[in-house]
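The values are calculated or read from the model by the stated rules, or taken from the named source; none is laboratory data. Since the structure is predicted, the reported quantities are computational estimates derived from the model, not experimental observations. So basically every Cβ, Gly included, is an ideal-geometry build from the backbone, and we count neighbours across all protein chains shown.
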Ligand SMILES: Nc1ncnc2c1ncn2[C@@H]1O[C@H](COP(=O)(O)OP(=O)(O)O)[C@@H](O)[C@H]1O
Ligand SMILES: [Mg+2]
């Protein structure tokens, strides 16, 4: 059908790269970290608020516990040692073990809650992205390589998860630690506290520029990664590798892969270097602190203004001050990186749904398969791209229970008509009506039970033959499945397969021939039992035996249904109640076979070119 677009057809790898650039444009906006991103991030965290609050309370506890040991040390030096009190010494030493142990225990709980929350957020986002992806129009998929979607769901989320785990509570822990440590220091001795604080502002200096650079570096890395994944999925999967092998382009594709991989390498290195310089600058600066403390503190001790224990306690607090300060400086870069990743994810979640479900769906709930329904096109105009109209006012009615055949040269718009009938797209103007109700007024799932599509390119899932047949009606009885399999002329094939209906078919399983796959699709449609069937007949030329099997299977499928078929078989046009001849996006002739043939127009010409039993090839 028309919806495989340029990628699926004569694309080739060059074309793929070109498409990919374009589709990256599809996703890229003017991306800058924004308050809006932060606001949405908070929205994502909200469902996990209770656990997050738990993690934060444990954090407060951990920070408070961390303040105690320096005070104990001070007491050891100034009181226990100073007053030669061994009893107090043992008591204090015990405290020096117990408080850190309690802190460690609390951080196990905090890490657990952290992991639960960050994984929970990732899980929510992953599911939301998958479900949003399902609702995006076919148009999006024709313009976006599968690998790129894959990359958003896997690579970006992975990266986000790492950021979340480290920054979610990190910001809070570090700010709180600094605040409480400083307070304690001021209470102990304000002069020493001032000295220790002197270099703190320096930690803030590199923050802003590094943050922006990290944001850009991560954006570049994730983009490079998604190009790499897209190339991988295109050229190192079953359908791609066959093309690569048959054209002998192994080296060319490997070269391209290396180039993509090289991009990833370069941007990853750049990304990690942003952090490295920061660490260097900050650690160089933090060496100044102890020098000042011991210099000035030592002077105060000599002058008898301060006891030695206080200076020792301060040197411990200094570590507790500078470590969080430098991670706080660093967490800005991680945070900016995190925002870059979240922006990419939100961007995907913001992609518009071109074929929305109606807010108040019309009631059309005929029991499927019982009454055939009519499908009417009324003055339908449609363009894939603005300014390039493909259908110029199509009007016809596929009457209930009748077979309507679409015939016409390649590129005429037949597949587009079918895609619109299946509501893969909405028409620009005009209306498509199912039993009198506009398609866009119907609920999506009721539309799908009433109408089903058999496409030209068949896709089987990697599972048993039975599951593939059952796909459209998982609750069908075994008897119904067997009946559908028989009706689709698959009985002999099933008997030959190693595990019968339980044989794994599809992508990597047992390979079925083109004709066999078509019959699996027909069995699926028979079992599905929808009232309206849209069919793009396959063009593959089959031997006369396979052709006869398919004809019989189709005959059973058409019985009692409204069918619109793009006809590539003589038998279909002969059986059609009406034939619509499509050319250049319009219906140019309509009628029954004998009448159209007698007119001697386009149909007569096409018939002799394509349907004459002597020649086997059909139109595209
Ligand atoms: N996904 C698409 N995006 C843009 N143009 C498309 C797409 N699919 C088909 N077309 C164009 O629409 C026209 C009709 O195509 P199609 O309906 O596939 O014709 P047919 O099935 O009769 O061969 C062609 O010019 C084709 O290039
Ligand atoms: Mg077509």
Would you confirm whether any residue within the range 539-556 is at pLDDT 85 or above and not in a helix (DSSP H, G or I)?
-> no
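Residue by residue, here is whether (1) modelled with pLDDT under 95; (2) closer than 30 Å to residue 357 by Cβ holds:
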position: 81; (1), (2): yes, no
position: 99; (1), (2): no, no
position: 102; (1), (2): no, no
position: 115; (1), (2): yes, no
position: 143; (1), (2): yes, yes
position: 147; (1), (2): yes, yes
Single condition residue 31 does not satisfy, out of (1) modelled with pLDDT under 80; (2) in a helix (DSSP H, G or I) | (2)
Residue check, residue 588 crowded, with 22+ Cβ neighbours inside 10 Å, modelled with pLDDT of 90 or more and more than 16 Å from ligand 2 (Cβ to nearest atom) | no
Scanning the range 448-458 for residues that are within 16 Å of ligand 1 (Cβ to nearest atom) and touching a strand residue (DSSP E or B) at 6+ places or on another chain (Cβ under 6 Å), which turns out modelled with the lowest pLDDT?
-> 456
If you check residue 519 against the conditions, is it at pLDDT 90 or above, in the same structural domain as residue 407 (by TED's automatic domain parsing) and surrounded by 20 or more Cβ atoms within 10 Å (Cβ to Cβ)?
-> no
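So is residue 42 in contact with a helix residue (DSSP H, G or I) (Cβ under 8 Å, 6 or more places away or on another chain), modelled with pLDDT under 95 and more than 16 Å from ligand 1 (Cβ to nearest atom) or not? It would help to see each step written out before you state the result.
Values: in contact with a helix residue (DSSP H, G or I) (Cβ under 8 Å, 6 or more places away or on another chain): no; modelled with pLDDT under 95: yes; more than 16 Å from ligand 1 (Cβ to nearest atom): yes.
Against the criterion (in contact with a helix residue (DSSP H, G or I) (Cβ under 8 Å, 6 or more places away or on another chain), modelled with pLDDT under 95 and more than 16 Å from ligand 1 (Cβ to nearest atom)), residue 42 does not qualify.
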Limited to the range 246-269, what total is found for residues that are surrounded by fewer than 16 Cβ atoms within 10 Å (Cβ to Cβ) and either in a helix (DSSP H, G or I) or touching a strand residue (DSSP E or B) at 6+ places or on another chain (Cβ under 8 Å) (or both)?
-> 14
Of the residues in the range 386-410 that are surrounded by 16 or more Cβ atoms within 10 Å (Cβ to Cβ) and within 12 Å of ligand 2 (Cβ to nearest atom), the one that is farthest from residue 557 (Cα to Cα) is 390
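Per-residue answers, yes or no, for (1) farther than 30 Å from residue 212 by Cβ; (2) within 16 Å of ligand 2 (Cβ to nearest atom); (3) in contact (Cβ under 8 Å) with a residue 60 or more places away in the chain:
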position: 65; (1), (2), (3): yes, no, no
position: 69; (1), (2), (3): yes, no, yes
position: 86; (1), (2), (3): yes, no, no
position: 109; (1), (2), (3): yes, no, no
position: 113; (1), (2), (3): yes, no, yes
position: 126; (1), (2), (3): no, no, no
Got a number for residues in the range 416-429 being within 20 Å of residue 561 (Cα to Cα) and within 16 Å of ligand 2 (Cβ to nearest atom)?
-> 6
Say whether the condition of being touching a residue at least 12 places away in the same chain (Cβ under 8 Å), buried (at least 16 other Cβ atoms within 10 Å of the Cβ) and within 16 Å of ligand 1 (Cβ to nearest atom) is met by at least one residue in the range 145-167.
-> yes
So, of the residues in the range 568-585 that are at pLDDT 90 or above and within 12 Å of ligand 1 (Cβ to nearest atom), which turns out to be nearest to residue 392 (Cα to Cα)?
-> 585
Failed criterion for residue 529 (all others in (1) modelled with pLDDT of 85 or more; (2) touching a strand residue (DSSP E or B) at 6+ places or on another chain (Cβ under 8 Å) hold) = (2)
